[in-house]
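Working notes, structure below.
The values are calculated or read from the model by the stated rules, or taken from the named source; none is laboratory data. Quantities reported herein were computed from a predicted structural model and do not represent experimental measurements. Cβ atoms come from the backbone with ideal geometry, glycine included; neighbour counts cover every protein chain shown.
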Amino acid sequence: MKQSLAVGIVLITAAACARLIPHPPNVTPVIAMALVGGMYLDRKTGFIVPLAALFLSDIVLGFHGLMTYVYGSIMVTVFIGMQVQRKKNALTVVGGSLLSSILFFGVTNAGVWLQGGGRVYPMTFEGLLLSYTLAIPFFRNAVFGDLFFVGLLAGLFEFSRRYVHANDRALGRNDQASRDAVKRG
């Protein structure tokens, strides 16, 4: 099994479970997975991991009218991660996390306003501003949660890249030797 597939399965399972257990509103690792997936995983896996986690947990939580906005925001966040990867440092990672949080907040709350059709918020500029204003506590949670999970996931990927793979090289292991060991084992 490819290493990225194994990592993807673990991340999908963890993120889906994180959405299903009690947690503060808007504090889940999905945005972080999309950003970090864009930074560290191959393109296909980077998109599949957060979208699969959302879909699997939405099966349990229920599908909703904002899915287009949520899933679209996640896909754009993967692209943000790909851009961060080009010049990855602490500042670009934090900036990418904040940009992803702002993107998700802006897009999904505009979706709430648009989907409300005047029932929840007036279909005016003031109604749009009201939808954003009332969502600020959720945004605060999302920013802190995203920063935490981006730091955790990026830290784990960097640790693995620097120390685990460095140990493998130091011990004379390589990908071919690992594949041969799996075939024999």
State whether one or more residues within the range 173-182 are basic (Lys, Arg) and at pLDDT 75 or above.
no
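Just checking, which of LEU152, LEU130 is out of contact with any Ser or Thr (no Cβ under 7 Å at 6 or more places or on another chain), closer than 18 Å to VAL30 by Cα and either of a type outside the set (Val, Ile, Thr) or assigned to a helix (DSSP H, G or I) (or both)? Quick ask: steps written out before the conclusion?
Values: LEU130 fails: closer than 18 Å to VAL30 by Cα.
Answer to the selection: LEU152.
With a cut-off of at least 3 residues that are touching a residue at least 40 places away in the same chain (Cβ under 8 Å) and surrounded by fewer than 21 Cβ atoms within 10 Å (Cβ to Cβ), name the helices (runs of 4 or more DSSP H) lying wholly within the range 1-110.
3-20, 43-61, 67-86
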In the range 114-128, how many residues are in contact with a helix residue (DSSP H, G or I) (Cβ under 9 Å, 6 or more places away or on another chain) and of a type outside the set (Ser, Thr, Tyr)?
9
Would a scan of the range 115-130 turn up a residue that is crowded, with 17+ Cβ neighbours inside 10 Å and either over 29 Å from ILE9 (Cβ atoms) or at pLDDT 95 or above (or both)?
yes
Taking the range 21-69 as the region of interest, how many residues are under 22 Å from LEU114 (Cβ atoms) and polar (S, T, N, Q)?
2
Taking the conditions exactly as written (assigned to a loop (DSSP other than H, G, I, E, B) and surrounded by fewer than 20 Cβ atoms within 10 Å (Cβ to Cβ)), does PRO137 satisfy them or not?
no
Test: residue in the range 59-79 that is touching a helix residue (DSSP H, G or I) at 6+ places or on another chain (Cβ under 9 Å) and within 19 Å of SER160 (Cβ to Cβ)
no
